[in-house]
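All of the numbers you see were taken from the coordinates with simple rules; none came from a lab. This one's a predicted model, so the numbers in the text were calculated from it and none came from an experiment. Cβ coordinates were reconstructed from backbone atoms using ideal geometry, including for glycine residues, and neighbour counts include every protein chain displayed.
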Amino acid sequence: MKQTTVNAINHFILTVGSVAVLLSGCMAPVSQSPRPLGEVKLVSGASDCDGHDCYEVEVSSPQLAEPDNALLKVGEPTASPSRGTIMFMGGGNGNSLWGNQSEHAGRVIEELRAAGFRTVELQWERGWLKGARGQSEGPARLASRPAAVMRWVYDNLHQQDDDYAFCATGNSAGSMQISYTLAHYGQANIFDAVVLTGGPPVARIDLSCDRNNQQYWTGEEVNAIYIDASFGFPPDSTGPCARSDSSYREQFQAASLTFGNWAYVYPETMVSLLFGENENPVYVAHGMTYYDRLVEAGSPLVRLDTVSNTPHVVRSTKEGAEMIRDILLKECKRR
């Protein structure tokens, strides 16, 4: 995997904006309505799990052929006063809990509870990025599941009061769960702050699937496991993204986070992008396309940070986990 330094990341900060401006000529001129949310059904809970309350939910969607189940691990605040709710999403297909990544991540969860926050970790059973075979669904439609769960947590577990904040953080594809929820599903109004770490690592799927564009090409293996699988192809490098099949370009564009005229203005939502010093520069390039769309659209509360001695999984190091904690402690507040 390619790696870069802080200076290289700063170079992307200065240069990718101009690339985004060039790409904006491909954007749809007409404002697009939010995609329909999925539906959440409570299967069981709350039950005790390691001192937390666990819920199992089933999530279906009018955009998708199959439902998926998810686990919500909820830790109530261990100190007063209550400050709100923070959701946590892991990377990849989301099959593991955010706090299980490292001792640092687990410690940060407990420190945020001690600071007055309810913590809600989301874990998918099948995987939020796995599409039904032969259905050509793709990440934008599949994101109707996490978007629905975040709305359900807000409506059913979060204390909806002006004094309580609602926030989220996710790494890699976990940051995609959040960013699609804001952009394609119009849910920015429920969030006070989001911290996107190591991503979003794929913001323009059409460019990620173009091996001639090395700045954005995420590689045959990643494209097979995640992007092709999201469109219902087997993850064996025979799908159109891994093969860089240009005939699928319009389909990939339609499923992209930053292609089109979705919602990129978040007047009261802090959006923080955090990259590790040793991040894959391709993921930085994709993350910067989302950052630039927000800035160009006029979102006033956007920040960009780099954390030292840290790889793609930002919460895996002491420095990364503590920076996530510190940003949330400062920015997860009612606006």
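Can you give me the Cα centroid spacing of region 171-240 and region 47-108 in angstrom?
First find each Cα centre; the distance between them is then 21 Å.
Could you give me the ³J(HN,Hα) list for region 172-185, computed from phi with Karplus coefficients 6.51, -1.76, 1.60 and θ = phi - 60°, whole Hz, x at Gly and Pro?
6, 5, x, 6, 5, 3, 6, 5, 5, 4, 6, 7, 8, 10
Which whole-number percent gives the relative contact order of the chain, counting Cα pairs below 8 Å spaced six or more residues apart?
21
Which value, in Å to one decimal place, does the Kirkwood hydrodynamic radius take for the chain when every pair of different Cα atoms is included?
19.6
What's the long-distance tail for region 226-277, i.e. % of Cα pairs beyond 11 Å?
76
Fewest Cβ neighbours within 10 Å first, please rank Ser172, Ser61 accordingly.
Ser61, Ser172
Name the long-range amide H neighbours of Met270: under 5 Å, sequence gap of 5 or more, or other chain; modelled H, no Pro or chain starts.
Sorted by chain and number, the residues that satisfy this are Ala193, Val194.
Taking H placed 1.01 Å from N in the peptide plane, check which residues at least 5 places from Gln63 or on another chain put their amide H under 5 Å from its amide H.
none
Please list, or write none, the lysines whose alpha carbon is within less than 28 Å of the alpha carbon of Lys130, excluding same-chain residues fewer than 8 places away.
Hits, sequence-local ones excluded: Lys2, Lys41, Lys73.
What 222 nm value per residue comes from the helices of the chain, counting each DSSP H run with n ≥ 4 as -39,500 (n - 2.57) and dividing by all residues, nearest 500 deg cm²/dmol?
Value at 222 nm, helices only, nearest 500: -9000 deg cm²/dmol.
Give a residue-ordered list of calculated ³J(HN,Hα) values for region 254-265 (Karplus: 6.51 cos²θ - 1.76 cosθ + 1.60, θ = phi - 60°; whole Hz; x for Gly, Pro).
The phi angles translate into 4, 8, 7, 4, 10, 9, x, 10, 7, 7, 10, 10 Hz.
When ranked by the protection proxy of mean other Cβ atoms within 10 Å per residue, highest first, what sequence do the peptides 50-56, 138-144, 155-161 form?
138-144, 50-56, 155-161
Between Cys167, Ile225, Ala193, whose Cα lies farthest towards the positive end of the dipole of region 144-298 when Lys and Arg beta carbons carry +1 and Asp and Glu beta carbons carry -1, centred on the Cα centre?
About the Cα centre, the residue reaching furthest to the positive side is Ile225.
In nm, to one decimal, how far is the Thr238 label point from the Val265 one, both placed 7 Å along Cα→Cβ?
In this crude label model, Thr238 to Val265 measures out at 4.8 nm.
Taking the Cα centre of region 6-331 as origin, sum charge times position over the Cβ atoms of Lys and Arg (+1) and Asp and Glu (-1), and report the length of that vector in debye to the nearest 20.
Here region 6-331 has a charge dipole of around 520 debye.
Computed over the Cα atoms of region 263-331, what is the convex hull's projected area averaged over all directions, in nm²?
4.6
Based on the Cβ-Cβ distance from Arg335 to Asn213, what FRET efficiency comes out when R0 is 30 Å, to the nearest 0.05?
0.20
Summing Lys, Arg as +1 and Asp, Glu as -1, what charge do residues with Cβ under 12 Å from the Cβ of Asp192 carry, Asp192 excluded?
For residues surrounding Asp192, the net value is +1.
How many angstrom lie between the C-alpha centres of region 267-335 and region 113-166?
Answer, in whole Å: 19.
Calculate the translational D of region 197-265 in whole µm² s⁻¹ from Stokes-Einstein, where the hydrodynamic radius comes from the Kirkwood formula applied to all Cα pairs, the temperature is 20 °C and the viscosity 1.002 mPa s.
179
Could you size up the charge dipole of region 179-268 around its Cα centre, putting +1 on the beta carbon of Lys and Arg and -1 on that of Asp and Glu, and report it in debye to the nearest 20?
Using only the charged Cβ atoms, the result is roughly 120 debye.
What residues have an amide H closer than 5 Å to that of Glu137, excluding those fewer than 5 places away on the same chain, when H is modeled at 1.01 Å from N in the peptide plane?
Ala132, Gly232
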